[in-house]
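Report on the structure given below.
Coordinate-derived values only; no laboratory data. Keep in mind it's a predicted model, so treat the numbers as computed, not measured. Using ideal geometry, Cβ is built from the backbone for each residue, glycine included, and neighbour counts are taken over all protein chains shown.
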Amino acid sequence: MLKVAILGKPNVGKSSFFNRILRERDAIVSDKAGTTRDIKKRVVSLDDELEDIVLLDTGGLEERGELFEKVKQKALDVAKEADVILYMVDGRTIPDEEEIKYFRTLQKLKKPLILVVNKVDNDKLMEGVYNFYELGADEIYPISIAHNRGVGKLIERIKEFVPKKPRVIQEATQIEEDIPLEDLFSEEENQTEDLENLKEIKVAIVGRVNVGKSSLLNALVGEERAIVSDVDGTTIDPIDETIYYNGYHITFVDTAGIRRRSKIKDIEKYALMRTEKVLQDADVAILVLDAKNGIVELDEKIGGLIQKHKNACIIVGNKWDETSMDYKKFEQEVRDRFKYLYYAPFMVVSAKTKRNIDKLKDKIIYVYGNYIKRIPTSKLNEWIKEATQRHHLPTDIKGREIKIYYATQFGIKPPTIALVMNKPKLHFSYERYLINFLRQKEDFTGTPIVLIPREKGKKNEKD
């Protein structure tokens, strides 16, 4: 796919243009310089007749401190890999020596390079566009993302670089209208098709600030995808990268580190919202703990977010190479403090030395397999019957007997089971007993199980 990279100094509108192309608010936009630090990469379609492109939003080019030097270098590295470069400037300013230096550096790459003059909100500001001709650009596009001026023309120019989709001639297939579509396939064929569609795993890497989430992402994907710095809050936007491993496409998303609410600063409130959104969309959550500095109360609250969104989960102690802590002691503390994530496997890794990184990838596939597991109805009812015979359901407040007529699994991600009852109420202690009983019968390591009581005759839907 064609790669289009957006570069420029901080606060010129790169992320706003990125969002405009995507038609959604993906990258965080703020008046604060340096909001975007890592590379945001999205596959997008500009036209139904054209192939998809990879759009890359980069951090601002500037020279102030170690962190921003890394941001600048990452942006320039992306430019080397891109097929088309959009260099964006602020049309309300005039080019300075730094701007000229960056543009000259990009010209040396000998790639299509388009100068985009943003924030040209009116005709008076259009006169200032001529100041940027001294950069020596072959193509200049004045635009205003805020007022949608000239944006369409720029997008049409980008389309000219994009190859057309190959024509596919399909034979028409006639289906009798009176035959329901689901009856055309057997249950086994549908299950096979579902399994093929379930070969993509979304993994959220979450944790508090500076526990090594970005380093872990880099270790998992095998490249310096995320910027790593000792500066707290380096990652703001979620960063994602996909690898192919043992037959699965695994997309890792490195989220911003979470602070205590009283410590959350300006744009970090967006980071917290994005972390919640990432967990909402994720299949597996990796809760990263700092093995060097130990577990704190905030780690438990972040674990609570995973429980809230019902993700499959792996608890990971990072920086194991930097601690002398006893493994058994650390594991016991994890179990004591994350009792609500009792189903989550625990392991230690070192993102720095790559210790246990492949084992972590294997564990992701393992818990995901449990997250999408389906239990045949006959077997499920056999187990529920056995469980209720061992321990009868408690009566209701009027002393009437409560019965489970039958059970059926109607959902995955996580496994979700409807219990059809005469009284659709289940005491939390008995629900916990049933879930533990099911875990004894079948391996559900890494995934929560959801039980939903339903009155007989009512439609089964996820709550």
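Which whole-number percent gives the relative contact order of the range 2-159, counting Cα pairs below 8 Å spaced six or more residues apart?
Values: 298 pairs, mean separation 36.7, N = 158.
Taking the mean separation of contacting Cα pairs over the length of the range 2-159, I get 23 percent.
Could you check how many percent of all C-alpha pairs in the range 2-159 are farther apart than 19 Å? Before the final figure, lay out each step's value.
Details: 6257 of 12403 pairs.
Result: 50 percent of Cα pairs exceed 19 Å.
Pairs Lys40/Lys153; Lys80/Lys111; Lys80/Lys101; Lys328/Lys441; Lys3/Lys199: which exceed 18 Å Cα-Cα?
Details: Lys40/Lys153 24 Å; Lys80/Lys111 9 Å; Lys80/Lys101 16 Å; Lys328/Lys441 27 Å; Lys3/Lys199 25 Å.
In this structure, Lys40/Lys153; Lys328/Lys441; Lys3/Lys199 lie more than 18 Å apart at Cα.
Can you tell me the length gained on complete extension of the stretch Ile365 to Lys339, counting 0.36 nm per residue apart and subtracting the Cα distance?
On the way: separation 26, 0.36 × 26 = 9.36 nm, distance 2.30 nm.
Gain in length upon complete extension: 7.1 nm.
Along the range 304-321, what does the Karplus equation 6.51 cos²θ - 1.76 cosθ + 1.60 (θ = phi - 60°) give for ³J(HN,Hα), rounded to whole Hz, x for Gly and Pro?
Each residue of the range 304-321 in turn: x, 5, 5, 4, 4, 8, 6, 7, 5, 8, 10, 9, 10, x, 8, 6, 5, 6 Hz.
For Asp121, what is the net charge nearby, where nearby means another residue's Cβ is under 10 Å from its Cβ and Lys, Arg count +1, Asp, Glu -1? Walk me through the intermediate numbers first.
Details: positive: Arg92, Lys119, Lys124, Arg149; negative: Asp123.
Counting the neighbours of Asp121, the net charge comes to +3.
What pairs in Lys9/Lys70; Lys310/Lys403; Lys301/Lys373; Lys310/Lys359; Lys41/Lys110 have C-alpha atoms more than 19 Å from each other? Mind dumping the intermediate values first?
Details: Lys9/Lys70 14 Å; Lys310/Lys403 27 Å; Lys301/Lys373 28 Å; Lys310/Lys359 23 Å; Lys41/Lys110 23 Å.
Where the Cα-Cα span goes over 19 Å, the pairs concerned are Lys310/Lys403; Lys301/Lys373; Lys310/Lys359; Lys41/Lys110.
Could you rank the peptides 388-400, 405-417, 286-298 by their average count of other C-beta atoms within 10 Å per residue, with the highest value first?
Numbers: 388-400: 10.8, 405-417: 17.8, 286-298: 19.5.
My ranking of the peptides, most packed first, is 286-298, 405-417, 388-400.
Given a Förster distance of 45 angstrom, what is the FRET efficiency for Asn293 paired with Lys111, based on the Cβ-Cβ distance and rounded to 0.05? Mind dumping the intermediate values first?
Details: r = 44 Å, r/R0 = 0.99.
The pair Asn293/Lys111 has a calculated efficiency of 0.50.
Which order do the peptides 339-349, 353-363 come out in when sorted by mean C-beta neighbours inside 10 angstrom, highest first?
339-349, 353-363
Between Lys3 and Arg432, take the C-beta separation as r, use R0 = 41 Å, and let me know the FRET efficiency to the nearest 0.05.
0.25
For the range 377-455, what value does the Rg/Rh ratio take when both radii are computed over Cα atoms and Rh is the Kirkwood radius, given to two decimals? Don't jump to the answer; show the numbers that get you there.
Numbers: Rg = 12.1 Å, Rh = 12.8 Å.
Expressed as Rg/Rh, it is 0.94.
Once R0 is set to 41 Å, what does the formula 1/(1 + (r/R0)^6) return for the Cβ-Cβ distance between Asp443 and Lys159, expressed as a FRET efficiency to the nearest 0.05? Write out the running numbers ahead of the final one.
Working: r = 50 Å, r/R0 = 1.22.
Step by step, r from the Cβ atoms, then E = 0.25.
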